[in-house]
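Asks: Shown below is the structure under consideration.
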Amino acid sequence: MRLVRGADEARQTLLRRVPLEAGELPAAVREDIRRVFGAELDAEAVVDQILRDVREEGDAAVLRYNEDLDGVHGTLSGISLEVSPDEIEDALSQVEPSLLGALREAAERIRAFHQAQLAHSLRSFSEGGVGQMVRPLQRVGLYVPGTVAVYPSTVLMTAVPARVAGVSEVIMATPAREDASVSPVKLAAAKIAGVDRVFRAGGVQGIAALAYGTETVPRVDKVCGPGNIFVTLAKQKLYGQVGIDGLFGPSETLVIADNTAEPALVAADLLAGAEHDELATAVLITTSEALAAAVAREVEAQLKGLERAAVARASLDARGGAVLVVSLDEALELANEFAPEHLCLHAADAEKALDRVRNAGCVFVGGASAESIGDYTAGPSHVMPTGGSARFASSLGVHDFLKVISVVSLDGGALAELGPAAAAIARAEGLTAHARAIERRLEKG
């Protein structure tokens, strides 16, 4: 692993952010774009075209792009966009009982956490003639990526919080495999999590179908869930027409460790972050050069046993490494600036250091708090802010599925108290009708 020394060098190298859209598309993706669109288009132009086609053509465009981009055979010749209830029910029998048990256990943990979150979340109130009503969203669309690598955990991590919040209808869009089937484990997770309807619609066409609605796919109030650069750009362009939970880029893991940390566990957390994606970031910030060297040796040793060793190696070679700093305070300052998705604290005073964390999607405190458990069974959603957005955004939770409606309910006394100042400000702004609407009520006494 590459070693850099000091905060300044780290900011210019390992912790330097490059906008997601600034990267060059892989050669295979560029070839697919030429084949489907007949031209050299960048990611933004591709997204614009697909959004326009789905808005204007509905189901026909979704089916066409499922076939042209995702290689789904037969969707243009009669296979429904919607996965039938029988297919979902059959999926339960196709999944190993032990895995079904694990999914149910994870769902219960996620549900319990978000029920506790709901109890401490926004509440309705009325005080002095004003207040607020808290209401769940009516219909939410979840996007769950993956055909080769499937993510049942993402189904649970998005659908369960929506259900706990009280969303009336939860629907899911997900890419189908070449034979137009959807992974049974993904469908089983949808059943366990309480998803109402599932649609075969991958990538941008899936996001567009949820946002605009088609003949088959109902329009939703909010779109949630992660995806690749095309999905992220689509969500960005659709914000305002539909609610968006956030813009999620490649996974990020920062590990802060001192000389008390166990090198094997630090290396394991870095590799867990790196194996997500070749574009993932996994960086160690440490006060101990000896630990950094030991972690580098552990990374090499542990890489040999990984199924996704090539992905993890590419991620670490391009964006991974270790930063040597003089103090835990400097490490925390760098972490707060970077605002990572995952922040792991392997330090003697990890609980104390937690008080100084300002920006992170989720913090894993101490050596026993494996980041990977957070991806599956700890309870908080693993859909978390990336790209530095943890400076202003939160992990997905029940709050994403609630909205606040302000209420003004004044009696005569409150009108007499508040009205004169409001009318004065209205007249100062030249809004006479505003002022007269107040004054007429005051004149009536």
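Asks: Hey, among ALA318, ALA296, ALA261, ALA268, which residue is crowded, with 22+ Cβ neighbours inside 10 Å, hydrophobic (A, V, I, L, M, F, W, C) and on the phi < 0 side of the Ramachandran plot?
Replies: ALA261
Asks: Can you name every residue in region 84-129 that is in contact (Cβ under 8 Å) with a residue 24 or more places away in the chain and of a type in the set (Lys, Arg)?
Replies: Of everything in region 84-129, those that are in contact (Cβ under 8 Å) with a residue 24 or more places away in the chain and of a type in the set (Lys, Arg) turn out to be ARG104, ARG109, ARG111.
Asks: Please state which one of ARG177, ARG163 is surrounded by fewer than 24 Cβ atoms within 10 Å (Cβ to Cβ), among the basic types (Lys, Arg) and assigned to a loop (DSSP other than H, G, I, E, B).
Replies: ARG177
Asks: While we're looking at this one, here's another question. Just to be sure I understand the filter: pairs with C-beta atoms under 8 Å, separated by 6 or more residues or on different chains, first member in region 222-237 and assigned by TED's automatic domain parsing to the domain that holds GLY146 and of a type in the set (S, T, N, Q), second member modelled with pLDDT of 95 or more and not in a helix (DSSP H, G or I). Which pairs pass?
Replies: Within 8 Å, the pairs are GLN236/ILE244.
Asks: Out of curiosity, is VAL4 in contact with a Gly (Cβ under 8 Å, 6 or more places away or on another chain), at pLDDT 90 or above and assigned to a strand (DSSP E or B)?
Replies: So VAL4 fits the description; yes.
Asks: Name the residues in region 362-378 that are part of a loop (DSSP other than H, G, I, E, B) and touching a residue at least 60 places away in the same chain (Cβ under 8 Å), would you?
Replies: GLY367, ALA370, THR377, ALA378
Asks: So, in region 333-361, how many residues would count as being acidic (Asp, Glu), in a helix (DSSP H, G or I) and modelled with pLDDT of 95 or more?
Replies: Residues meeting the conditions: 2.
Asks: Then there's this: For region 91-143, give me the residue count where each residue is at pLDDT below 95, over 30 Å from GLY413 (Cα atoms) and not in a helix (DSSP H, G or I).
Replies: The total comes to 2.
Asks: Given the conditions (1) farther than 21 Å from ASN66 by Cβ; (2) in contact (Cβ under 8 Å) with a residue 60 or more places away in the chain; (3) assigned to a strand (DSSP E or B), report the number of the one that VAL170 does not fulfil.
Replies: VAL170 satisfies all of (1) farther than 21 Å from ASN66 by Cβ; (2) in contact (Cβ under 8 Å) with a residue 60 or more places away in the chain; (3) assigned to a strand (DSSP E or B) except (2).
Asks: Quick check on region 201-216: of everything there that is assigned to a helix (DSSP H, G or I) and among the aliphatic types (A, V, I, L, M), which residue is nearest to GLY243 (Cα to Cα)?
Replies: ALA211
The values are calculated or read from the model by the stated rules, or taken from the named source; none is laboratory data. Keep in mind that what you see is a predicted model, and the values were worked out from it rather than measured. All Cβ positions, even for glycine, are placed from backbone atoms using ideal geometry, and neighbour counts span all protein chains on display.
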